[in-house]
């Protein structure tokens, strides 16, 4: 887990959070780092 604590103006915390997430994801993408998400593959037999 990564935790960032920063002061923001009242009512601005959601916009700041979105921007931080966007920049963090962009930096990970540039570095070639993928975030592992749970995936499930379902195969069905066609009879």
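The values are calculated or read from the model by the stated rules, or taken from the named source; none is laboratory data. Just so we're clear, the structure is a prediction, and the values are computed from it rather than from any experiment. No Cβ is skipped: glycine too gets one built from the backbone with ideal geometry, and neighbour counts run over all protein chains shown.
General remarks:
- Check on residue 46, in a loop (DSSP other than H, G, I, E, B), within 19 Å of the chain's Cα centre (by Cα), at pLDDT below 90 and surrounded by fewer than 10 Cβ atoms within 10 Å (Cβ to Cβ): no
- Close pairs (7 angstrom Cβ cut-off, 6 or more residues apart or separate chains): free of Cβ contacts under 8 Å to residues at least 12 places away in the same chain in segment 25-37, in a helix (DSSP H, G or I) anywhere: 35/28
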